[in-house]
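Novice: After the structure tokens below, expect a handful of questions from me.
The values are calculated or read from the model by the stated rules, or taken from the named source; none is laboratory data. The shown structure was predicted, so the numbers you read here are calculated from the model rather than taken from an experiment. Cβ coordinates were reconstructed from backbone atoms using ideal geometry, including for glycine residues, and neighbour counts include every protein chain displayed. For the accessible areas, the whole protein counts, side chains as well, though only heavy atoms, and no ligand, DNA or RNA atoms are used. Shrake-Rupley method; radii C 1.70, N 1.55, O 1.52, S 1.80 Å.
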Amino acid sequence: MVSYEQIFENNRKWVASKQEADADFLQKLSKDQTPEYLYIGCSDSRVPANDIMGLEPGEVFVHRNVANLVCSIDINVMSVINYAVRYLGVKHIIVCGHYNCGGVKAAMLPRDMGILNPWLRNIRDVYRLHKEELNAIRDEGERYNRLVELNVQEQCVNVVKLASVQQEYNKKGYPTVHGWVFDLKTGLLKDLKLDFRKILADIQEIYRLID
Ligand code: CO
């Protein structure tokens, strides 16, 4: 376990190594950010956004919460997406879940989770939407993995429901939305290959928010 003091030592070493690789590193870092990606992932300590994508500081705008949820009444995630889409002009929005997600697991259990109940309710709603498919999976581990994937899919749908995303896409042809799952056992990212344009068309039957 890394001690509290050790972190500052690590930080000084990190600065030194970055400057060694690129003498202008700090000068570039202190300028405006122009990331192409918005990443919405789980808070889980085992899924560090920049590391798994091999991206440097400045290359990805990041939001993380328990089980990578996109709720329309969560002012935090709504602010992040709005800023990323309207002001940073990100080209891609990635919702990235991960197998062995404690939040998703908790939502599968018939248990009072206290303050987490309203948050996990969003995942239970995903289960309800896909109950037939999920209940047909006999193996509990496989069902759990599939719920992780379907949760990512539904959070991507929630991103597409937003006015900022629909309007900017209508004007510029981006951002597009992608659903990924990180596999802790292999370290690999899996692209769920969601059909963004199809999701957009389906969603806009009901949730069209373009004037
Ligand atoms: Co998680």
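Novice: Could you please find all residues in segment 29-53 being open to solvent by 50 Å² or more (accessible area, probe 1.4 Å), more than 12 Å from the ligand (Cβ to nearest atom) and part of a loop (DSSP other than H, G, I, E, B)? Lay out the reasoning, then the answer.
Specialist: Pass one, segment 29-53, residues open to solvent by 50 Å² or more (accessible area, probe 1.4 Å): 29-34, 36-37, 43, 45-46, 51.
If we keep only those that are more than 12 Å from the ligand (Cβ to nearest atom) as well, we get 29-34, 36-37, 51.
Hits for segment 29-53 are S30, K31, D32, Q33, T34, E36.
Novice: For segment 54-73, what are the residues that are more than 16 Å from the ligand (Cβ to nearest atom), in a loop (DSSP other than H, G, I, E, B) and on the phi < 0 side of the Ramachandran plot? Even if it seems obvious, please write down each step before you answer.
Specialist: Looking only at segment 54-73, we keep the residues that are more than 16 Å from the ligand (Cβ to nearest atom), and these are 54-61, 72-73.
From the residues that got through so far, the ones that are in a loop (DSSP other than H, G, I, E, B) too are 54-59, 72-73.
Listed by number, the residues that qualify are L55, E56, P57, E59, S72, I73.
Novice: Another question, then. Of the conditions (1) crowded, with 21+ Cβ neighbours inside 10 Å; (2) out of contact with any Phe, Trp or Tyr (no Cβ under 7 Å at 6 or more places or on another chain), D112 satisfies every one except a single condition; which number is it?
Specialist: Among (1) crowded, with 21+ Cβ neighbours inside 10 Å; (2) out of contact with any Phe, Trp or Tyr (no Cβ under 7 Å at 6 or more places or on another chain), D112 violates only (1).
Novice: Residues that are out of contact with any Gly (no Cβ under 9 Å at 6 or more places or on another chain) and free of Cβ contacts under 8 Å to residues at least 24 places away in the same chain, at least 3 per element: which helices (runs of 4 or more DSSP H) completely within segment 89-192 meet that?
Specialist: In segment 89-192, the matching helices (runs of 4 or more DSSP H) lie at 117-129, 131-135, 140-160.
Novice: Out of L120, L147, L194, report the one residue that is buried (at least 17 other Cβ atoms within 10 Å of the Cβ), closer than 29 Å to S45 by Cβ and in contact with a Cys (Cβ under 6 Å, 6 or more places away or on another chain).
Specialist: Only one candidate qualifies: L194.
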